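What follows is one structure encoded as structure tokens, with my remarks underneath.
The values are calculated or read from the model by the stated rules, or taken from the named source; none is laboratory data. Worth saying up front: this structure is predicted, and the values here are computed from it rather than measured. Reconstructed Cβ throughout: ideal geometry from the backbone, glycine too, with neighbour counts over all protein chains shown.
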Amino acid sequence: MFCKQCGAELQNGTQFCQACGASQGGQAPSGYGGGYGGGYGGGYSGGGKIESYLVPNIIATLLCCLPLGIIGIIYSSGANSAASRGDWATAEQKASTAKTLFWVSFCIGLVAIIAQVAIAVSQQGLAN
């Protein structure tokens with residue numbers, strides 16, 4: 001069986017194409033929030049849940065790198081808003097950016113802590 005819209009190979013009985021989200025003649029699954037293009041609105045992620053990385057970005061803001069953490073919180077909130085609208089492609093894009101910002105913030109914080117410890121140890125050594 002092949003998708004009517006994009007031609008991707010599908011398992012028999014599949015109602016929606018995994019590649020493009022196009023309907024193959026069945027009903028939308030429960031929890032379907034609408035969208036555009038007759039499918040899932042682009043990058044449907046399966047169960048409709050997006051990991052927005054809001055909590056890790058809040059922690060990164062408080063403990064690691066304030067500017068990147070704040071930007072990460074903004075992207076996380078945008079991912080949550082897009083997911084609630086059913087715009088899965090935008091939600092996944094913003095969540096991916098939020099994840100990247102979290103890890104960059106975490107690494108900057110870790111490097112800063114290591115540098116502070118190294119400076120303190122070297123100053124301690126010079127004092128003796």
Checklist entry - Checking Ala91 against (1) over 11 Å from the mean Cα position of the chain (by Cα); (2) closer than 30 Å to Ser23 by Cα; (3) at pLDDT 90 or above, which single condition isn't satisfied? => result (1)
Checklist entry - Which of the residues spanning region 89-115 are within 14 Å of Ile74 (Cβ to Cβ) and of a type in the set (Phe, Trp, Tyr)? => result Phe102
